[in-house]
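All remarks here apply to the structure that follows.
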Amino acid sequence: MGVELVQGIAADKQADTMEVFWESFRGKMHRVLGDDERARRFWVAALTDVGTTLALDSDIGRPLALMSTSDQEHPATSNEWPAAKEAYGALQAFGRLMLLAQMNHKPKPGELYIEFLAVHSSARGRGVGGLMLQRAAEIARERGLDRVTLDVVDT
């Protein structure tokens, strides 16, 4: 299995990419975003291309992993309000975004923060996560940052 790393999520990869994310983070995120198509639609609309790296199976183009990063100049998400309002309606969007704000990490100077790294169960143990971490280090070097950080959630 070859792996190709790309920035952003092409429209034809969105559904499969969100399945990779939900497989890894459903336990944490369903309480905030719900567990339906609205949540997936919101999340893919809010992720930025500059902050999102996708690992694809180079033979068939299937998403294997998804990583989101941020630093002081490059946020992981944007347009959260319009995307949430469209997906949930204004009242639910407001409440969900308030909960998401509690989970935000503000990157410090010189820091590239890995917001999340999700590897599909079929690709675990094959080095895909390591490739994504290497890519994070490359992004940090390209941006003149001196460290990469992440927090691990036990669910």
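No lab work stands behind these numbers, since they all come straight from the coordinates. Bear in mind that the values here come from a model prediction, so they are computed numbers and not experimental data. For neighbour counting, all protein chains shown are included, and Cβ atoms are generated from backbone atoms with ideal geometry for every residue, glycine included.
Can you give the convex hull volume of the alpha carbon atoms of region 101-147 per residue, in Å³?
Working: hull volume 3.8 nm³, N = 47.
Each residue corresponds to 82 Å³ of Cα convex hull volume.
Based solely on C-alpha atoms, express the radius of gyration and the Dmax of region 55-137 in angstrom.
In order Rg, Dmax, the Cα atoms of region 55-137 give 15.7, 43 Å.
For LYS28 and LYS85, FRET efficiency with R0 = 25 Å and r from the beta-carbon atoms, rounded to 0.05?
Computed FRET efficiency for LYS85 and LYS28: 0.65.
Stretch GLU19-ASP36 to full length: gain in nm at 0.36 nm per residue minus the Cα-Cα span?
So the chain would gain 5.0 nm between GLU19 and ASP36.
Grab the Cα-Cα distance for GLU73 and PHE94, subtract it from 0.36 nm times how many residues apart they are, and report the gain in nm with one decimal.
Numbers: separation 21, 0.36 × 21 = 7.56 nm, distance 2.48 nm.
Length gained, GLU73 through PHE94: 5.1 nm.
Between Rg and the Kirkwood Rh of the chain, both from Cα atoms, what is the Rg to Rh ratio?
Reported Rg/Rh (Cα atoms, Kirkwood Rh): 0.95.
Pop the C-beta distance of ARG147 and GLN102 into the FRET formula with R0 = 30 Å and round what comes out to the nearest 0.05.
0.80
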